Amino acid sequence: MKRIEFTDERAMSIYTDYMVRVERMTKILPKEDQNEILMELNSHIYEAVLQDNSKETELNKLVDVITRLGAPEKTLAQLVADKKMNQALHTFNPVHLIKALALNVSNGIVYVAFFILYLLLAVSSLLIVLKCIYPQNTGIFLHNGYLSAIGFIGNSAQGNLTEIAGWAFIPMVVAYLLICYFALTLLLKLRRKRTASTKTHAMQWTD
Amino acid sequence: MNEEFLNKWKSQVKKGTLGFILLRLLRKKEMYGYELIEQVSMKVSIDIAEGTLYPLLNRLKDDDLISSKWVEQGSGIPRKYYSLTEQGSSTLLAMEKNWNELSLAISKLE
């Protein structure tokens with residue numbers, strides 16, 4: 001990206017500092033999104049300074065634009081949260097998802113709920129570890145031919161229960177995790193589509 | 001008159017109609033971010049913060065109502081131009097119809 005050249009040294013340093021803050025703020029996003037935001041802000045600053053017809057100095061014009069833009073940490077928060085969520089929902093990558101949900105927590109209780117549901121799912125994956133360490137205590141248990149428990153049970157409860165899944169329990173948990181993960185992510189996608197359109201479309205208050 | 005209530009109401013209306021205003025502006029010609037801010041301020045006297053404009057443009061783009069492209073400039077610093085998509089045009093027509101109906105209905109309440 002071509003940087004703007006300011007003749008005033010102080011202007012140059014304010015501009016550079018601002019761009020560094022933008023870079024830091026967008027680091028969580030994929031490279032392409034980072035560039036897109038950086039280039040658009042760069043263009044915004046360039047146009048605003050260029051089209052300012054006042055007799056002010058270059059430095060004052062720049063300070064004016066940057067003041068209007070506001071701190072990147074604040075100005076870009078919404079955009080970064082939106083873009084991160086798009087990336088997460090696009091890739092189905094759990095790491096991106098957790099980061100995106102964390103960025104969006106302030107956007108509503110529903111994101112907190114999703115965060116908790118994903119966390120519960122992550123905890124369920126511990127069953128695989130437990131099965132490896134305590135194969136007798138982990139699995140699907142029957143009591144007199146009826147389903148009695150799924151998961152991990154203590155030794156005292158194990159007495160009259162029979163574990164029926166054996167090592168097949170591990171692929172079952174994996175399948176369960178995958179299904180829940182995709183279902184939850186699709187639900188989030190759907191939910192997001194709805195909020196995005198109500199936020200975007202004008203005249204929402206007529207609904 | 002309740003000044004505070006009025007101001008709150010005005011800002012709600014602005015927020016609710018900003019997408020509509022942007023789409024209407026973009027129907028005439030494609031524009032870049034800074035130009036849109038200038039036009040909105042000049043034509044409808046609304047000062048949009050940049051922190052509001054860019055996320056909104058991003059959402060309109062996600063909803064496939066507008067598209068964007070980078071256009072090289074002599075300065076070497078390209079502009080990102082936004083324009084209405086086909087879906088944006090038809091959605092805008094429906095929005096205008098709704099807007100006019102609502103405005104008419106409200107004026108008839110007198």
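The values are calculated or read from the model by the stated rules, or taken from the named source; none is laboratory data. In this text, all values refer to a predicted model and were calculated from it rather than measured experimentally. No Cβ is skipped: glycine too gets one built from the backbone with ideal geometry, and neighbour counts run over all protein chains shown. We work out accessible area using only protein heavy atoms, side chains counted, and drop any ligands, DNA or RNA first. Shrake-Rupley method; radii C 1.70, N 1.55, O 1.52, S 1.80 Å.
Taking amide H as placed 1.01 Å from N in the peptide plane, B:GLN73 has its amide H under 5 Å from the amide H of B:ARG79, each at least 5 places away in sequence or on another chain. The alpha carbon convex hull volume per residue for the protein assembly as shown rounds to 231 Å³. Considering the options A:LEU188, A:ILE37, A:ALA168, tell which one lies farthest towards the positive end of the dipole of chain A, charges being +1 on Lys and Arg and -1 on Asp and Glu at the Cβ, about the Cα centre. Most positive-ward Cα: A:ALA168. Axis angle, to the nearest 10 degrees, between helix B:3-28 and the longest C-alpha principal axis of chain B: 40 degrees. A straight line joining the Cα centroids of region B:14-60 and region B:70-91 runs 13 Å. In chain B, helices alone account for a calculated mean residue ellipticity at 222 nm of -22500 deg cm²/dmol, with every DSSP H run of four or more residues adding -39,500 (n - 2.57). Computed from phi, the 3J(HN,Hα) profile of region A:21-37 under the Karplus parametrisation 6.51, -1.76, 1.60 (θ = phi - 60°) reads 5, 5, 4, 5, 5, 9, 3, 5, 8, x, 3, 4, 5, 4, 4, 4, 5 Hz, with x in place of Gly and Pro. Given a 1.4 Å probe and the protein chains as shown, A:ILE98 ends up with an accessible area of around 70 Å². Normalised by 2.2 N^0.38 Å, where N is the number of residues, the alpha-carbon radius of gyration of region A:1-75 equals 1.09. Here the protein assembly as shown exposes an accessible surface that is 59 percent carbon and sulfur, computed with a 1.4 Å probe and the other protein chains kept in place. Working note: Karplus 6.51/-1.76/1.60 with θ = phi - 60° gives region A:38-43 the couplings 4, 5, 5, 5, 4, 5 Hz, where Gly and Pro are set to x.
Which entries of A:LYS55/B:LYS28; A:LYS74/B:LYS10; A:LYS2/A:LYS83 show an alpha-carbon separation above 27 angstrom in the structure shown?
Values: A:LYS55/B:LYS28 32 Å; A:LYS74/B:LYS10 24 Å; A:LYS2/A:LYS83 24 Å.
Violating the 27 Å Cα-Cα cut-off are A:LYS55/B:LYS28.
Assign unit charges at the C-beta atoms only (+1 for Lys and Arg, -1 for Asp and Glu), then state the dipole size of the protein assembly as shown relative to its Cα centre in Debye, rounded to the nearest 20.
Working: 37 positive and 33 negative charges, 131 e Å.
Using Cβ point charges on Lys, Arg, Asp and Glu, the protein assembly as shown gives about 640 debye.
Approximating the spin labels as points 7 Å out from Cα along Cα→Cβ, the A:LYS2-to-B:GLU86 distance works out to 3.5 nm. Given B:GLY76, B:LEU56, B:LEU22, which one lies farthest toward the positive end of the charge dipole of region B:10-107, if we put +1 on the Cβ of every Lys and Arg and -1 on the Cβ of every Asp and Glu? Farthest along the dipole direction, towards plus: B:LEU22. With the whole protein complex present, A:LEU147 retains an accessible surface near 110 Å², based on a 1.4 Å probe. Since only B:VAL44, B:GLY33, B:LEU65 are under comparison, the one whose Cα sits farthest along the positive direction of the charge dipole of region B:10-107, derived from C-beta charges on Lys, Arg, Asp and Glu, is B:VAL44. Check cross-link reach from B:LYS14 to the aspartates and glutamates: straight Cα distance under 19 Å, and skip same-chain residues fewer than eight apart. Within the straight-line cut-off, B:LYS14 pairs with A:ASP207, B:GLU3, B:GLU4, B:GLU35, B:GLU38, B:ASP47, B:GLU50, B:GLU96, B:GLU101. Surface exposure of the protein assembly as shown, expressed per residue as accessible area with a 1.4 Å probe, stands at 58 Å².
Checking every one of the trypsin sites (Lys or Arg not before Pro) in region A:77-134 against DSSP loop status and a limit of 13 other Cβ atoms within 10 Å picks out no site at all.
FRET efficiency for B:TRP99 and A:ALA77, Cβ-Cβ distance as r, R0 = 30 Å, nearest 0.05?
Numbers: r = 31 Å, r/R0 = 1.02.
Step by step, r from the Cβ atoms, then E = 0.45.
Mind giving me the FRET efficiency for A:LEU187 and B:ASP64? R0 is 25 Å, r the Cβ-Cβ distance, nearest 0.05 is fine. Plugging the Cβ-Cβ distance into 1/(1 + (r/R0)^6) gives 0.70. Distance from the Cα centroid of region A:71-136 to that of region A:6-52 is 29 Å (rounded to whole angstrom).
Report the A-B buried area as the accessible area lost on both sides summed, probe 1.4 Å, in Å² to the nearest 100. Mind dumping the intermediate values first?
Details: alone 13450 and 7970 Å², together 18340 Å².
Using a 1.4 Å probe on protein heavy atoms, the buried area is about 3100 Å².
The calculated FRET efficiency for the pair A:LEU120 and A:SER156, based on their C-beta separation and a Förster distance of 30 Å, comes to about 0.70.
How large is the translational diffusion coefficient of region B:11-62 in µm² per second when you combine the Kirkwood radius over alpha carbon pairs with Stokes-Einstein at 37 °C and 0.692 mPa s? Working shown, then result.
Details: Rh = 11.0 Å.
The calculation lands on 297 µm²/s.
The tail of the calculated P(r) for region B:10-107, taken as Cα-Cα distances beyond 17 Å, holds 53 percent of the pairs. Among the residues of region A:36-66, those with an accessible-area drop of 40 Å² or more from chain alone to full protein complex, heavy atoms and 1.4 Å probe, are A:GLU36, A:MET39, A:GLU40, A:SER43, A:HIS44, A:TYR46, A:GLU47, A:GLN51. Between the amide H of B:TYR32 and those of B:TYR82, distances stay under 5 Å, these residues lying 5 or more places away or on another chain, with hydrogens modeled in the peptide plane.
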